[in-house]
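First up is the structure itself, then whatever we jot down about it.
The values are calculated or read from the model by the stated rules, or taken from the named source; none is laboratory data. Please read all numbers here as calculations on a predicted model, not as lab measurements. All Cβ positions, glycine included, derive from the backbone under ideal geometry; neighbour counts span all protein chains shown.
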Amino acid sequence: MPKAMNLPPNVEVRRSNKRRRTVSAAREGNKTVLNVPLRMSIAEIEQLARDLITRMNDRDPRAYFSDDELFKRAQELSATYLFSQADPKSVAWSSRLTSTWGICTPLEGTIKITSRLQGMPQYVLDYVLLHELVHLVVNDHGKDFDAFMKTFEKKERAEGYLDALDELPSSVWSSGSLGAIPAESNADISRGA
């Protein structure tokens, strides 16, 4: 039985006997696709995958977090923008949120973020997380809320991105191709062997 590759779950490897020496990586939806020569060893693929994914993330960071990582990111945002005033008890992805980006329950200290944002640009997820974190400190969308949100450097950019997503037909959401929407560009990085 062949050895399984040690790659993140959102990475797909496509082997091709037409490729001789080059490999490429591109984002397709919520996954990263590696195109490699048929005869490339598993060890070589794993090493190249780490390198190419790192380079892609540097060019076009996307938000692929576990619930624990999402919680940690929320704590970082609270420290950076809210002087650690927001102290969530839990932060988790939710596939049940279909008409909103996130929801906060201040009495319980819980935040749920729609799983539709997985694979979106980092600043978009950060904006939604910060929005929900502010609700742990401020109950409404008044002046105090706006004052906190204005400290987020990419506020207008994130709002524009989310507004554009709101305009998409629901069929795009249900097809799972949402992550294919380019952040700046759908980075395609190639590397010769």
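For the range 53-66, check the following and say yes or no: at least one residue is over 19 Å from Arg19 (Cα atoms) and modelled with pLDDT of 85 or more. Scanning the range 53-66 turns up no residue that is over 19 Å from Arg19 (Cα atoms) and modelled with pLDDT of 85 or more.
Yes/no per residue for (1) touching a residue at least 40 places away in the same chain (Cβ under 8 Å); (2) closer than 18 Å to Phe148 by Cβ:
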| residue | (1), (2) |
| --- | --- |
| Leu52 | yes, no |
| Phe71 | no, no |
| Phe83 | no, yes |
| Trp101 | yes, yes |
| Ile111 | no, yes |
| Leu117 | yes, no |
| Gln122 | yes, no |
| Leu125 | yes, yes |
